[in-house]
1. Name the helices (runs of 4 or more DSSP H) wholly within segment 1-102 that hold at least 3 residues that are without any contact (Cβ under 8 Å) to a residue 60 or more places away in the chain and surrounded by fewer than 22 Cβ atoms within 10 Å (Cβ to Cβ)?
2. If you take the residues of segment 145-186 that are touching an Asp or Glu at 6+ places or on another chain (Cβ under 8 Å) and farther than 18 Å from residue 74 by Cβ, which of them is modelled with the lowest pLDDT?
3. If I filter segment 305-318 for residues that are open to solvent by 20 Å² or more (accessible area, probe 1.4 Å) and either assigned to a loop (DSSP other than H, G, I, E, B) or free of Cβ contacts under 8 Å to residues at least 40 places away in the same chain (or both), do I get at least one hit?
4. Would you check which residues across segment 159-180 are under 11 Å from residue 18 (Cα atoms) and open to solvent by less than 50 Å² (accessible area, probe 1.4 Å) and list them?
5. Just need a number here: residues in segment 295-304 that are over 13 Å from residue 239 (Cα atoms) and surrounded by fewer than 24 Cβ atoms within 10 Å (Cβ to Cβ).
6. Of everything in segment 197-221, what is over 21 Å from residue 266 (Cα atoms) and open to solvent by less than 10 Å² (accessible area, probe 1.4 Å)? Give them in sequence order.
7. When residues of segment 236-263 are filtered for being open to solvent by 10 Å² or more (accessible area, probe 1.4 Å), more than 22 Å from residue 363 (Cβ to Cβ) and in a helix (DSSP H, G or I), how many remain?
Amino acid sequence: MPLAVLALAISGFAIGVAEFVIAGLLPDIGSALSVSTPTAGLLVSGYAIGVVVGAPTLAFAARRMERRRLLIQLMALFLAGTVLSAIAPTYAVLMAGRIVSALAHGAFFGVAMVVAAGLVAEDKRGRAISMIGAGLTLSTVLGVPLGTLVGQHLGWRWAFWLVALCAAAGLAGIAALVPVSRPDTAADLRSEISVLRRPAVVLTLLTTVFGFGGVMTSYTYIADTMTRVTGFSAGAVTMITMIFGLGMFAGNLVGGRLTDRRPTLALWGSLALLVAVLAVFTLTVHSKPAACVTVFFFGAAAFATIPPLQTRIMRQADGAPTLASASNIAAFNLANTAGPLLGGWVISAGFGYAALNGAAALVSAVGLVLALVTVAAGRAPARSRVTNAAPAVAPDNEPLSAQS
């Protein structure tokens, strides 16, 4: 794998730590800035909304910019937002810093995945995309616990300075290793919007929202579920989240390799596994050993969906891959916003924490159905072309030998 992909992964690691480390620091931030913990919790929602808005907006606004230059500017923007967060004298300034960082987040991942895919042969694109995801998953396994530890012992501002250091390293790596590409001077508003209006693109974006919405419906409340239902102590929650993170890392890599070989199977299989694991979780949540095993497979199934979804969106949106990829990142974060709301409703309605996994399974099942529909719809015209022109490539660009 090219070193440039590693530089992109380091940047993804920094962004991942910035997104998730805030959860473990909310009490300290609330106390330091004289706001309640629920008010401090809005820093999480504000970040997610910033990603949803910034991902497609910045990707479209900079669609004609050379991609290496764009990546450098996005990481510089993220670094500026992180530094602003570290020095924020008030809650409002901290929120502003979080939103600035979030604006760069979605667009960066959208562009980085397109760049990573372009640096390798076509049969390795899934693995290249998974390497970017690996930086994100490692942030949950290593970066978030380390950042939380630093923040709790040295002060929450030092956690942001740690993120800034990682971001600076990623920025330097991109500047030194990512090759200059040719800007897309032919891109225009009408053609880019028409690409996003394609039924296959819309269905894939909806698949992301519902498929990953199930993940966040359950995972957002994993700490309360493990302590209130499974019976773990509060001190064991860090171990649970690390188990989930290890599953994410493994699932992301396996999903990338399978995407290169059987992209449709990778998409359907990862979503089907996710639905099955969430359904099983409604039973295993009552047993500590079984819950730990299930949490690992939960993380694996959740992040095994990312390479096939990102690969598919770029394939279906061949006229605007960067904008579509960034829009898919926004779709993931829309799921990050909607999932917790649904989970909160399940709890408030009195169904209990154990019921979260059943509700999550139903939401992800909708994503699986949408994935089945979008691939089937894409194959119908492709089969017609096979009959008329006998091309050498099967539907969805899968090798003919891979079709069942």
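The values are calculated or read from the model by the stated rules, or taken from the named source; none is laboratory data. Quantities reported herein were computed from a predicted structural model and do not represent experimental measurements. Backbone-built Cβ (ideal geometry, glycine too); neighbour counts: all protein chains shown. These accessible areas exclude ligands, DNA and RNA; they are computed on the full protein's heavy atoms, side chains included. Shrake-Rupley method; radii C 1.70, N 1.55, O 1.52, S 1.80 Å.
1. Ranges flagged: 26-32, 37-61, 67-87.
2. The selected residue is 182.
3. Yes: one or more hits.
4. Passing the criteria: 159, 160, 162, 163, 164, 166, 167.
5. Result for segment 295-304: 1.
6. Residues satisfying the conditions are 217, 218.
7. Result for segment 236-263: 16.
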